Structures are given as structure tokens and as C-alpha cells.
Amino acid sequence: MIATGLLRPKNILIIKLRHIGDVLLSTPVLRTLREAFPAAQLTMLVNRGTEGVLAHNPDVNEVLCLEKGAWADQCKFVYRLRERGFDCVIDLTDGDRSAVISLATGAPIRIGFNAEHRWRGLLYSRVAKPRPVDQHRVEYDLCALRALGLDPKRGMPSVSVSDSEEQVTDQWLTEQGLIGDQCPPLVLLQPGARYSLKVWPPERFAQLSDRLVEQFRCRILLGGDQREREVAEQVARKSHCAPIVVAGKFSLLQYASLVKRCALFVGNDGGAMHIAATVGTPVVALFGPTYPERWGPRGGLTQVIYKGLDCRACYHPSCLRGDDSCMRQITVDEVFEAAGRILDLKGARVVT
């Protein structure tokens, strides 16, 4: 990737103050910048708790975390950013706070989004303007680089797992008797999500678990972070197939190592879904109020189940559709059929 314009920054700050999945989807930006400016110092600023997805990433020199704390502490943090002498800031957040931080760095080149046409557009030296074809968030973020004279192509997210993280996963699988040629295929179900409106009912995950085990002799893992452990245990209690709850058991990259060893991932729209797709695990993604055209899994074999109701972008704290909500319209039958097609392709053993 060669810069076609005159802008050749040497000290670049990339800002993404969102969630884990958002940070993961922004990694093609880092790769494109590294290819275009191999000698540049690339620093990324993210929210605390999302930095794990960037560990071992070869395209970034440093990852900084913005802490949630007193206003005075945040002002000190921003002042220290200014002392670093960034000559370019690329703000991928699409938010007011990050736009203020961009300006406060003092960088002469400040590129950011302003989809809402708010006052923050005045804080950038250049406002990124996505094209109609830049629908998926990966390409949406990449389009910001055109302001540097780059012509970025379609990107694939990346996550790197270390040998030590692989060893932790291998040891656990060995202890559970889940490694080896004679072991059943592993299917990881992700019943939790950051927002309740994006959650498929736990009892349906339980029914899906039992049907997959009955048909394919697979072993079910129930994933998630520590906050999602309760819903994972709820699914386990409602199941008859004794799934293993791994929610909250592994670090983010240990989780990536685990899901990489699975024959299939089935789950709600969220960071775990993006990790599974990125490491190449086949994915059945359940979408409700978000747009798969923008937030769909980007990786290998994926299938999205999405009803596309007219209220899909509402995010009302209490959905008024009740049993006709977008997530409840997704049936166990159609998820089982989608999962079955993938397991058939993977050569899972079918009970006859």
C-alpha cells in the first residue's frame, strides 16, 4: 500500500473508544497504515477492557487505555497525549468525546467522522466521508484513510494469539477429555450480549443445545465473559445435554484460542461473534436490532439469521413487540437447520 498524496505522517494516533467488536473491526486500518507508513509510530487509544484484542498485533506499536475516572484525571491524561507530539490523529469513534481528544492532542492532521452532522465536525482538519459502498464497519473505518491519500481495499479483521494462550486452552481441553481424534466436535454457543434486545431467549439456546447433541454427537460449550456467566448457567440448567459453562473462565485471547478449536459458533451479535469469525470458526450469527450489512461477521464460513423488522434500529429499553420482537421471531428450527448445514460440511458425525 503506497500513499498517493503528500501526507506522510510519522507519529499517528488512532482512536476507537467503543467495544471489543468495534476495536477488532478496526484492525484493517492498522494493517493498511503499517503497509503505507512502515516506519511510522502507530499508537491506538481504546477504552479500558477492550485492549486485549490488540495484544500481539504486529501493526501497532503501543496501545493506550482511556480510564473512566474523575474529570481532572482525564484532563491530565489528555495533556500527556499532547506531549507526545502526534502529527496525525485518525478518530474512528464517531463520537464527541473522541473528537475533543483529537483536537486536544494538537496534531495538525485530525481526521474523523461526523455522520450525525454535529459540532464535532469543526474539531477535525478533515471529515471522513464514506461512500455508499462503505456500508460494513470495516470499510467505513478504512475510508478515513483516503484523507491521507491512501486507497484502502476491502479488509479482514485480525487477532493474534500467543503460544502461552494456546497452551492454556490445550491444557483445559486435555483435562476435560475434549482433545484428540476420537473426541466429539465442539460447538460454542454464546447466549449473552451487551444489550438485552440483542439476546435470543435462553430457553431456545437450551433447546438448540439438546438438538445438536442428539443429531451430531457434539459437545456444547457455553461462552461469554464474567457478566454473561449467569445467562450461560441459565441455559445449562434448562438443557438436558450437560453443556460446559466456560463463560468468564478464560481471558479474551484464551477465548479466541478456544473458539478456534470449535467446529461451530452460534451466538448473538457481539464481540465474541466477531472473534469467532476472525479466527476462522464457522459462525451462525443471530441479529435483531442491528444491521448485519454494517455489523455482520467478517471471516470464513458465516450465516446470518436476521428478520429486518421496521423497528430494527429502535433500541427502546423495553421492546413493545413482546413475543413478536426481532429476536423472538428467530426460531429454534431455523437456527438448528443453519447449524446443521455447517456441521454437515465440517463432517460431524450424524446419528441415524
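Points to keep in mind about this one:
- A single entry from Val100, Val89 fulfils the requirement of being under 28 Å from Arg194 (Cβ atoms), aliphatic (A, V, I, L, M) and crowded, with 18+ Cβ neighbours inside 10 Å: Val89.
- Residues in the range 66-78 that are assigned to a helix (DSSP H, G or I) and either closer than 24 Å to Leu25 by Cα or without any contact (Cβ under 8 Å) to a residue 12 or more places away in the chain (or both): Trp71, Ala72, Asp73, Gln74, Cys75, Lys76, Phe77.
- Test result for Glu139, under 30 Å from Val259 (Cβ atoms), in the same structural domain as Ile20 (by TED's automatic domain parsing) and without any contact (Cβ under 8 Å) to a residue 60 or more places away in the chain: yes
- Hits in the range 89-111 (condition: touching a residue at least 40 places away in the same chain (Cβ under 8 Å) and not in a loop (DSSP other than H, G, I, E, B)): Val89, Ile90, Asp91, Arg97, Ser98, Ile101, Ser102, Ile109
- The range 121-180, residues that are within 23 Å of Pro58 (Cα to Cα), polar (S, T, N, Q) and more than 21 Å from the chain's Cα centre (by Cα): Ser164, Gln167
- With a requirement of 2 or more residues that are assigned by TED's automatic domain parsing to the domain that holds Tyr291 and modelled with pLDDT under 95, none of the helices (runs of 4 or more DSSP H) lying completely within the range 173-261 satisfies it.
- Hey, Cys319 on the phi < 0 side of the Ramachandran plot, buried (at least 16 other Cβ atoms within 10 Å of the Cβ), at pLDDT below 85 and over 20 Å from the mean Cα position of the chain (by Cα) or not: yes
- The one condition in (1) of a type outside the set (S, T, N, Q); (2) surrounded by 16 or more Cβ atoms within 10 Å (Cβ to Cβ); (3) under 23 Å from Ser251 (Cβ atoms); (4) touching a strand residue (DSSP E or B) at 6+ places or on another chain (Cβ under 8 Å) that Glu62 fails to fulfil: (2)
- Glu203 meets the conditions (1) buried (at least 17 other Cβ atoms within 10 Å of the Cβ); (2) closer than 24 Å to Tyr306 by Cβ; (3) touching a Lys or Arg at 6+ places or on another chain (Cβ under 7 Å) in every case but one. The failed one is (1).
- Neighbours by Cβ (under 7 Å, 6+ apart or cross-chain): first from the range 249-267, free of Cβ contacts under 8 Å to residues at least 60 places away in the same chain; second part of a loop (DSSP other than H, G, I, E, B) and of a type in the set (Gly, Ala, Ser): Tyr255/Gly223
- Residue tally, condition surrounded by 16 or more Cβ atoms within 10 Å (Cβ to Cβ) and not aliphatic (A, V, I, L, M), over the range 115-125: 2
One line per residue, one yes/no per condition, for (1) more than 18 Å from Val29 (Cβ to Cβ); (2) among the charged types (D, E, K, R):
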| position | (1), (2) |
| --- | --- |
| Ile111 | no, no |
| Tyr124 | no, no |
| Ala128 | no, no |
| Asp151 | no, yes |
| Glu165 | yes, yes |
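- Residue in the range 207-217 that is touching a strand residue (DSSP E or B) at 6+ places or on another chain (Cβ under 7 Å) and surrounded by fewer than 21 Cβ atoms within 10 Å (Cβ to Cβ) present: yes
- Pick from the range 32-50, criterion out of contact with any helix residue (DSSP H, G or I) (no Cβ under 8 Å at 6 or more places or on another chain) and either of a type in the set (Ser, Thr, Tyr) or in a helix (DSSP H, G or I) (or both), ranking: nearest to Leu13 (Cα to Cα): Thr43
- Residues (touching a Gly at 6+ places or on another chain (Cβ under 7 Å) and assigned to a helix (DSSP H, G or I)) located in the range 140-172: Leu142, Leu148
The values are calculated or read from the model by the stated rules, or taken from the named source; none is laboratory data. No experiment lies behind these values; they were computed from the predicted model shown. Here Cβ is always computed from backbone atoms with ideal geometry, including for glycine, and neighbour counts include all displayed protein chains.
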